[in-house]
Amino acid sequence: MGSLDSPRERENGNGNGGCRSPGDPKLGDGGMVVVESEAMKKRRASMLPLEVGTRVMCRWRDSKYHPVKVIERRKMNTAGPNDYEYYVHYTEFNRRLDEWVKLEQLDLDSVETVVDEKVEDKVTSLKMTRHQKRKIDETHVEGHEELDAASLREHEEFTKVKNIATIELGRYEIETWYFSPFPPEYNDCVKLYFCEFCLNFMKRKEQLQRHMRKCDLKHPPGDEIYRCGTLSMFEVDGKKNKVYGQNLCYLAKLFLDHKTLYYDVDLFLFYVLCECDDRGCHMVGYFSKEKHSEESYNLACILTLPPYQRKGYGKFLIAFSYELSKKEGKVGTPERPLSDLGLLSYRGYWTRVLLDILKKHKGNISIKELSDMTAIKAEDILATLQSLELIQYRKGQHVICADPKVLDRHLKAAGRGGLEVDVSKLIWTPYKEQG
């Protein structure tokens with residue numbers, strides 16, 4: 001994704017990202033100081049404070065200027081027309097990078113006309129049905145073109161500002177990505193402290209320390225259904241462990257833009273993946289699935305926590321969900337919509353699994369046979385093979401064209417397969433049989 005230097009940097013040939021306050025002199029050609037005219041100072045002063053909706057260039061953490069839109073503003077403790085902080089969305093990047101910035105990070109010479117995009121109908125309560133929550137929370141820009149513009153704007157208005165900036169979980173301090181609807185008493189918190197075992201959250205470090213002295217848990221509640229080396233998977237029933245399930249959803253929403261499940265956890269099973277050591281079992285990620293899904297969904301939400309990403313855990317969680325489907329004797333598919341990172345993980349998983357089979361298989365094979373072997377839904381197989389241009393339509397039917405050289409090229413592009421699930425270590429009974 002290309003970065004944009006500010007107009008000032010391009011003129012001066014200077015990309016060091018130095019900032020300038022509104023009243024500072026500028027450097028002209030040849031490095032001579034050019035003092036701003038009174039008219040320019042008045043123009044700048046008339047802009048402040050910037051209105052919500054203003055588009056302007058902002059200096060980011062790479063010390064370069066990028067286009068942003070002002071989403072919200074707040075008055076600072078000091079007095080004066082310029083004493084505001086601005087919550088901005090970098091229009092080149094995902095919403096997870098939205099942040100509060102100070103005035104000196106903004107290039108006021110680049111201010112564009114304000115576009116008012118207020119939402120008429122505000123979301124007034126979190127206590128709504130799961131269908132209603134899904135209608136709002138599935139309206140993130142990527143992959144939701146079928147939803148009307150009003151619902152999209154409503155969602156973005158409701159979740160536009162991150163309420164929690166950082167969390168402490170175990171030995172990690174983690175910057176959050178998105179808004180999460182914590183109870184009102186946490187509205188004034190910038191940082192939350194989580195117990196990494198029971199997932200209770202607190203406002204202060206001292207509260208967490210007192211809690212940890214009393215908390216008996218050293219792993220997620222529920223049944224350990226998989227142990228291989230230092231990796232464990234726990235199955236947590238949302239009905240039996242309601243508070244844990246709700247806390248997990250609050251936590252996950254900080255990193256998933258269209259996570260929908262906050263209150264009605266009774267209908268779900270949570271599969272929590274942990275790294276284990278002598279101090280306990282530390283959560284690295286999880287996926288959830290409905291106990292009964294009419295649409296053959298084998299996964300509702302999936303998350304690998306940021307400190308553990310790019311280690312193969314995402315593909316492991318996906319592979320694990322399909323191993324459960326095989327145990328159930330069903331084909332499965334993830335619940336839509338997928339997050340941007342979730343979609344990338346699934347495409348990578350489907351690609352590698354299917355290519356491995358096609359490379360080893362001798363003779364013809366049908367999509368139905370691939371589905372039976374992998375528990376991947378036929379529609380997902382067809383879409384994956386079409387994206388790889390391995391499907392041709394001949395005489396009224398789809399035909400798989402598996403040239404070995406083409407398969408090798410795609411396998412190389414797909415990258416490593418992630419951690420393997422050792423099925424012999426999985427001890428699990430499907431939910432319908434547990435009853």
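The values are calculated or read from the model by the stated rules, or taken from the named source; none is laboratory data. Everything numeric in this text was worked out from a predicted model, so none of it was measured. Every residue, glycine as well, gets a Cβ built from its backbone with ideal geometry; the counts of neighbours run over all protein chains shown. Surface accessibility is based on the protein's heavy atoms, side chains included, excluding ligands, DNA and RNA. Shrake-Rupley method; radii C 1.70, N 1.55, O 1.52, S 1.80 Å.
Structure values in brief
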{"item": "Of all accessible heavy-atom area on the range 352-435, the percent that carbon and sulfur account for (1.4 Å)", "result": "51 percent"}
{"item": "Förster radius 60 Å - calculated FRET efficiency between L48 and A413, Cβ distance, rounded to 0.05", "result": "0.75"}
{"item": "W428 accessible area, 1.4 Å probe, all protein chains in place, Å² to nearest 10", "result": "30 Å²"}
{"item": "DSSP-defined antiparallel bridges as percent of all bridges, the range 259-418, nearest 5", "result": "85 percent"}
{"item": "Karplus 3J(HN,Hα) series, Hz, for the range 355-371 with 6.51 cos²θ - 1.76 cosθ + 1.60 (x for Gly, Pro)", "result": "5, 4, 5, 4, 5, 8, 6, 9, x, 6, 8, 9, 5, 4, 5, 4, 5"}
{"item": "Per-selection metrics, the range 296-379 (Cα): Rg and Dmax in Å", "result": "13.3, 44"}
{"item": "D216, D266, ranked by accessible area, largest first (probe 1.4 Å)", "result": "D216, D266"}
{"item": "Estimated distance in nm for a label pair at H398 and E224, the labels positioned 7 Å out from Cα along Cα-to-Cβ", "result": "4.2 nm"}
{"item": "Accessible area per residue, Å², the range 159-229 with all protein chains present, probe 1.4 Å", "result": "52 Å²"}
{"item": "Solvent-accessible area per residue, Å², over the range 249-394 with all protein chains present [probe radius 1.4 Å]", "result": "41 Å²"}
{"item": "Per-residue ³J(HN,Hα) for the range 231-245, Karplus 6.51 cos²θ - 1.76 cosθ + 1.60, θ = phi - 60°, Hz, x for Gly and Pro", "result": "9, 10, 10, 10, 9, 10, 7, x, 6, 7, 10, 5, 5, 4, x"}
{"item": "Equivalent ellipsoid dimensions for the range 344-435 as semi-axes, Å, which come from the Cα gyration tensor, largest first", "result": "27, 17, 12"}
